[in-house]
Amino acid sequence: MTYRVILFLAALTWCFQHRANAAAIEQLPEETVTASLPAPVPAIPSRDNARTQVCVDPGHPNTFNPATDMVNGTNEARVNWQVGVRLERVLKSMGYDVRMTRNAELNYVENKDRAYICNDGSALAVHLHCESTPGTGFALYYPDRQGVYDYKDDAENGFKGPEAGVIMASLPLAEPVAAWMRRALAGSLVQQGIYGDSRTAVGSRQGALTYSILSKIPTVTIEMVVLTNKKDAAFIKTEAGQEKMAAAIAAGIAAYKAP
Ligand SMILES: [Zn+2]
């Protein structure tokens, strides 16, 4: 074969392959391309977030509810603690200071004390919980109105709160946290919604959750999973599930912009 023929054949082959590839790409529906993209990794916060103190509150045990009854091979106090410790580690690696409201899985801390611990030097508070109602997935709650503290015969009953600034800043905290959870947990957990505290059992009675009423800083409660749901429980019991949860919440915190 002459040199010219070889060149011609090579060019013809290239043309044919190129056209075939172009046709294949054109035929791909847009959704297929988008769906095949990997979930974005959590963003590293900018330097102005460094040395900000975040309060991580692994919910329970308290006298209101120890939450130590076994559910699907674990219990709420344990899951909250396990994810809380991971969240503490992730936030510290991002440059945040972290204040934990308890220092052991079975450390009893009352809800009002959790607010006082968080108010002491933290910029915002995240309260970690698990749901035990029918259904599946995660839900977030924030103080959408003032409430009046009313728990047993507590000396501080009648206290009104939180202040308007806390109410204004709490939804803007819940939203990026929910958005990152949607992205990072897609395929494992669905989002139920973002609701006012008044949708909860205690909130419907007091107007807001106890630690929200007493909070001086933006605050969000995360019902991470429905623990009575077998699939949810199986996810949150694993190290990988807990790591995904912690990374998502941390990324949401990093994305928070105070109004
Ligand atoms: Zn709880």
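The numbers here are math on the coordinates, done by the rules we state, and not lab data. Predicted model, so just to flag it, every value in this text is computed and none were measured. For neighbour counting, all protein chains shown are included, and Cβ atoms are generated from backbone atoms with ideal geometry for every residue, glycine included.
Structure values in brief
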| item | result |
| --- | --- |
| Tensor-based shape of segment 92-181 (alpha-carbon gyration tensor, a/c under 1.5 rounded, otherwise prolate or oblate) | rounded |
| Length gained when the stretch R205-Y108 is fully extended (0.36 nm per residue, less Cα-Cα span) | 32.6 nm |
| Segment 47-254: C-alpha gyration tensor shape, a/c 1.5 cut-off, then a/b vs b/c | rounded |
| Residue order, fewest to most surrounding Cβ atoms within 10 angstrom, among K92, K237, K244 | K92, K237, K244 |
| Ordering of 147-158, 176-187 by packing [mean C-beta count within 10 Å, highest first] | 176-187, 147-158 |
| Listed peptides 213-226, 101-114 by packing density, highest first (mean Cβ within 10 Å) | 213-226, 101-114 |
